[in-house]
Each structure stands twice: as C-alpha cells, then as structure tokens.
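Working notes for the structure below.
Where a number appears in this text, it was derived from the coordinates with a stated rule and is not lab data. Owing to the predicted nature of the structure, the values given are computational and were not obtained by experimental measurement. Positions of Cβ are backbone-derived with ideal geometry, glycine not excepted, and every protein chain shown enters the neighbour counts.
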C-alpha cells in the first residue's frame, strides 16, 4: 500500500480516538489498580485559603446554567455521592490544579473553590474531610463527586454511590481583618525572640527526648492564621502543632515525631493536601 495512504489512515484512526475520548485516555472511568495507603487516608487539613482564580464564575454545562455561591458559610446538604477515579487522574480540575485520585478532594456544582467539607456516609456513619477543587457531578440526583481515597474511606466503593450529608467547614479568614492584624503586630527585637512553645510540661519533656524531629508546614506573618492552622492540625492528628515566632514570622510546626515512618507519611499527606512546601526540620 502507498505510504501516503497509510499516513492518511493513521490520522483518521487517531482522530477517531480523540473524538470518542475527548481529552481523556479512557472512554469510561475505572478503579485504580491499588488501594490507598495509610498516608493517603488522612483527612484533608482545613486552612484559610483565598478563592481560586479559576472555577469560581457562573458557568454552563450541556445547556444548563450553574451559579457559584459567594460563600460556603453555613452550607449543608444531603443527597447522593458518587466518586471519580482513574479516567480523570492527572487531568486539570476546574480551578487549575491536577486531579489526584489518592488525595482527599471532591467536586461540587455550586460551592466556591476551594471549600473544605465534612462528608458523612449516613448508612454507616463514617466520615471524611475533603477539599473541593472541581466542578460536578453533572448526573441527575448526585450532589458531590469524591476522590477514590475519600470514597474508599467512606466504604462506598462496592455500591458506587452513597447517601451522604455534607457540611462546610467555615475556615475562612477575612483578608481585611488579617491585614490589619499584621500591621498592628509590634516589630520584634532580639530580646523578644521566642523559642518553640508547647502546650504543657509533659509535651516539653517528650520533645527533649525526641531528637528534635519536626515537620514545618508553612510560615506566615499572620499570627491568627498560624494559630488556627495549628489548632486544626492538632485536632486531626496525634501530633501537637505549635507556632514559634522569630522576627515576626510564625512557623507552623508539627512534632516531636519519633517514628521515621510516621514523619514521612505525614509529610506526604501534608504535601498532597494543600501544603506542597512542607519539609522536615530538626530543632
């Protein structure tokens, strides 16, 4: 056969594939080849975030218009949850991030991006905290699409859907108030530098025996944001989070952590749930 015709046929075949699957490599969604590990089953850590530049305008899908809420304050909803997995893994979400089916994330039609939600499986009372960064589901009578890890934790993979109750975690910090707080903070001097502070004497004693292994989550000039984040992390994990301050910078740090496995798993979880610059430190 003439090489020219072979080339034309190959182009047609490739065009046909792209027409069927669109931007995805699979025609239908599928289950991942492995289960989530222990680090991937940790809840998302709520924190104050600015709204994403992408995905927060009213939009249209299949001829239907959807309105994006200006705030998630007080939001709660009951309905059917589904999940999405391998087909969408590695593709962009509505707010421009990359979908990771092993992260604790979700898609919702109306909530601002990002929003943190507590999702409870009404049938078995299992719950999970997710970060909404995508739009959907656009199937009738479904209110939320969960990541594979979130669906696994809710024990809904066998049925594919679940009756859930979703509640917004109101963790937004008013930016104007935050800016005023930063401006009002006195400039520290060498005499006012603080060492890492702990909750009680027992914690201090443990810290001295732990060889100083910590994770620094992030640093900020906003003391209110640092304290709220530390409080949320402490409530979700078995490790204390504290906020030592040096030269007006508050460092949100977790520890002490004596197990190498635990510190590596927690660091991976933090990086996948909104803290990509988290790192191990020795104090």
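Grab the beta carbon distance between residue 234 and residue 123, set R0 = 30 Å, and tell me the FRET efficiency rounded to 0.05.
After rounding to 0.05, the efficiency reads 0.50.
What length, rounded to one decimal in nm, is gained on full extension from residue 165 through to residue 91, with 0.36 nm per residue of separation minus their alpha-carbon distance? Before the final figure, lay out the partial values.
Values: separation 74, 0.36 × 74 = 26.64 nm, distance 2.73 nm.
Computed gain between residue 165 and residue 91 is 23.9 nm.
How high is the FRET efficiency from residue 227 to residue 37, r the C-beta distance, R0 35 Å, rounded to 0.05? Walk me through the intermediate numbers first.
On the way: r = 31 Å, r/R0 = 0.88.
Working from the Cβ atoms, E equals 0.70.
Counting other beta carbons within 10 Å of each residue's own, what order do 94, 147, 105, 71 fall into, fewest first?
71, 94, 105, 147
Please pull out the direction-averaged projected area of region 23-168, using the convex hull of its alpha-carbon atoms, in nm² to one decimal place.
Details: hull surface 34.7 nm².
Computing the convex hull of the Cα atoms and averaging its projections yields 8.7 nm².
Once each part is reduced to its C-alpha centroid, what is the distance from region 53-111 to region 134-164 in angstrom?
Cα centroid of region 53-111 versus Cα centroid of region 134-164: 12 Å apart.
Taking a spot 7 Å from the Cα of residue 59 along the direction of its beta carbon, which residues of region 133-152 have an amide N less than 12 Å from it?
Correct set: 133-138.
Antiparallel DSSP bridges in region 23-168: what percent, to the nearest 5?
Roughly 75 percent of the beta bridges in region 23-168 run antiparallel, per DSSP.
Which stretch or stretches of region 47-81 have amide N atoms under 19 Å from the point lying 7 Å from residue 141's Cα along the Cα→Cβ direction?
So the set is 77-81.
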